[in-house]
Amino acid sequence: MYGQKSEPARPRDRSSAVSKKVFIKTYGCQMNVYDSKRMADVLKPHGYSSTESAEDADLVILNTCHIREKAAEKVYSEIGRLRAEKDAKAADGKNMYIAVAGCVAQAEGPEMMKRAPAIDMVLGPQTYHRLPDMLKSAEEQRTGGRMSARVLDTEFPVDTKFDYLPTDESAFEGAAAFLTIQEGCDKFCTFCVVPYTRGAEYSRPVADIVDEARRLVARGVVEITLLGQNVNAFHGDDGKGGTATLGGLIAELDKIDGLGRIRYTTSHPRDMDQELIDAHRNIASCMPYLHLPVQSGSDRILDAMNRKHTREEYFRVIERLRESRPDLALSSDFIVGFPGETDQDFEDTLDLVRRVKYAQAYSFKYSPRPGTPASVSEEQVPEDVKSDRLARLQALLNEHQLEFNEASLGKEMDVLLEREGKREGQLLGRSPYLQSVHVNVANADNALDAAGDKPYTDYMGKLVRVRIVEAGPHSLKGELVRALN
Ligand code: SAH
Ligand code: SF4
Ligand code: F3S
């Protein structure tokens, strides 16, 4: 049960329970989005409520990403801006604490402390449950007159942060939620910092995940995206003396009443087992969308990246997936300009893209990351070549994405309405294939639905049947057919 070990989540004394505000800025992947929510949760019992700006914050947390150089540099510019805010507050006799969390913190903690004296706390991705204690110690030291009190915690502790999740009974926050089930990575692709910043692979026990999913559904969540850096390598304790695979876990979660949609990300091609492939055929709540990064279409580069599969093996996995679920939409990540990538290697990537035809994809220029094997290769690709390849790859991916969206025209599909659209009477949601869909649910005159008896916001958080009437490169437009839940 969560909450039993939640000592750090309870206020220790009255002084720490006074009302304060925390502003959390999140960079990077969805796991950071999940972690940011959990940091807000652990701070709540200590009197911290969330705010959307640094101006009125007593504590600012930057939850950082180290995946590419630009991502990390953004953090330092943000700290520069925050320092001005902090100084202005200090002039008014007020404190503002700055904490840096996440993957830059893990990778460069001590260096950051040196480079940016405005930082009060640095905490790695595995220690956010200790945040209240860190904060308390910084506060105590400051009250004691030590203005330079600073805390660094980038351990990989034996107790896991997941054991300290508070029982969160808060109100509806959205129909779609993230749930981290696996963290860390043992694969060591030669370009990637994740195994260093997130540590070794760890899978949460099935019972804990089911428990957290139930609580989310009780709060109105209809769709859960299971997160992990290697989510399909999941092998959590099944409570029966064995381990469950991701396919097995999805089957368990499917039993939860009210949980309409299950997604998972990010998967590695090598860990796509038959049970998971079958889940796409047999389990209706398992959505027909899969992010399966390949990075490159060249065997030579795949090998140099230490991806441990060939392009043919990747095609075979996709074939099996499409046999199981013919309408499966695929997505991928690509890196262009990996050290040693020739024109031919890049052509192989374009060829792979033409064969697979992705519904959407992310692509990046290779960015040398300190401490990774590829960063010291002497075959670095010039910047202009990288830019040219990226533009060509993205043009092709965009073409396919538009084709995929246009194929939706005239079709009916289920859309989970998640937020208000730009126009009155319009809500924004996602199709089963993760496309953004703008849906007109109201008649424009009175902002009631077509039947004239329901304010359009009543559809928020609901699954509806929609007919697609327009398709663009990045989104679809649909008309409401009927409500589904
Ligand atoms: N676990 C996932 C990827 C996590 S990182 C997987 O195995 O595919 C997200 C994406 O960032 C990667 O898929 C990769 O495309 C990109 N990326 C990681 N390191 C990078 C680097 N050094 N330069 C450019 N892109 C990088
Ligand atoms: Fe990084 Fe590779 Fe692990 Fe993905 S599988 S997180 S790219 S090391
Ligand atoms: Fe970035 Fe760390 Fe996620 S490096 S992509 S925040 S795992």
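If you go through the range 405-427 one residue at a time, do you hit one that is closer than 30 Å to GLU347 by Cα and in a helix (DSSP H, G or I)?
yes
Restricting the search to the range 180-196, which residues are crowded, with 19+ Cβ neighbours inside 10 Å, more than 7 Å from ligand 2 (Cβ to nearest atom) and outside any loop (DSSP other than H, G, I, E, B)?
THR180, GLN182, GLU183
List the residue pairs whose Cβ atoms are under 7 Å apart, where the first residue sits in the range 53-68 and is within 22 Å of PHE191 (Cβ to Cβ), the second is more than 16 Å from ligand 1 (Cβ to nearest atom) and not basic (Lys, Arg), and the two are 6 or more positions apart or on different chains.
THR64/VAL75; THR64/VAL100; THR64/ALA101; THR64/ALA105
Keeping to the range 371-383, report how many residues are in a loop (DSSP other than H, G, I, E, B) and surrounded by fewer than 14 Cβ atoms within 10 Å (Cβ to Cβ).
4
Counting only residues that are surrounded by 19 or more Cβ atoms within 10 Å (Cβ to Cβ) and away from ligand 2 (no atom under 12 Å from the Cβ), how many does the range 297-311 have? Talk me through it step by step, then tell me what you get.
Restricting attention to the range 297-311, the residues satisfying the condition of being surrounded by 19 or more Cβ atoms within 10 Å (Cβ to Cβ) are 297-298, 301-302, 304-305, 307, 311.
From what is left, the residues that are away from ligand 2 (no atom under 12 Å from the Cβ) are 297-298, 301, 304, 311.
The number of residues fulfilling the criteria is 5.
Pick out the one residue from ASP41, ASP35 that is at pLDDT 90 or above, in a helix (DSSP H, G or I) and within 16 Å of ligand 1 (Cβ to nearest atom).
ASP35
Do any strands (runs of 3 or more DSSP E) lying entirely in the range 197-307 carry at least 1 residues that are aromatic (Phe, Trp, Tyr) and at pLDDT 95 or above, and which ones are they?
Here the list reads 261-265, 289-291.
Can you pull out the residues in the range 28-49 that are more than 17 Å from the chain's Cα centre (by Cα) and closer than 30 Å to VAL193 by Cα?
Those that are more than 17 Å from the chain's Cα centre (by Cα) and closer than 30 Å to VAL193 by Cα: ASP41, VAL42, LEU43.
What's the number of the condition MET1 fails, among (1) among the aliphatic types (A, V, I, L, M); (2) modelled with pLDDT under 90; (3) in a helix (DSSP H, G or I)?
Against the list (1) among the aliphatic types (A, V, I, L, M); (2) modelled with pLDDT under 90; (3) in a helix (DSSP H, G or I), MET1 comes up short only on (3).
Please go through the range 228-242 and pick out each residue that is surrounded by fewer than 23 Cβ atoms within 10 Å (Cβ to Cβ) and touching a Phe, Trp or Tyr at 6+ places or on another chain (Cβ under 9 Å).
none
Go through the range 320-370 residue by residue and tally those that are within 14 Å of ligand 1 (Cβ to nearest atom), under 13 Å from HIS400 (Cβ atoms) and in a loop (DSSP other than H, G, I, E, B).
The qualifying residues number 1.
If only one of SER285, SER298 is touching a residue at least 12 places away in the same chain (Cβ under 8 Å), in the same structural domain as VAL336 (by TED's automatic domain parsing) and more than 30 Å from SER375 (Cα to Cα), which one is it?
Going through SER285, SER298 in turn, the sole match is SER285.
Can you pull out every residue in the range 335-355 that is among the acidic types (Asp, Glu) and closer than 23 Å to THR372 by Cα?
GLU341, ASP345
Which residue is farthest from the chain's Cα centre (by Cα), if the candidates are limited to the range 407-440 and must be small (Gly, Ala, Ser) and over 19 Å from ALA329 (Cβ atoms)? Before the answer, list the steps.
Applying the first criterion (small (Gly, Ala, Ser)) to the range 407-440 yields 407-408, 410, 421, 425, 429, 431, 436.
If we keep only those that are over 19 Å from ALA329 (Cβ atoms) as well, we get 421, 425.
Values: GLY421: 22, GLY425: 29 Å.
Here the answer is GLY425.
Here is a list of conditions, (1) within 16 Å of ligand 1 (Cβ to nearest atom); (2) at positive phi, and LEU226 meets all of them except one; can you say which number that is?
(2)
The values are calculated or read from the model by the stated rules, or taken from the named source; none is laboratory data. Every value quoted in this text rests on a predicted model; they were computed, and no experiment measured them. Virtual Cβ from ideal backbone geometry, glycine too; neighbours counted across all protein chains shown.
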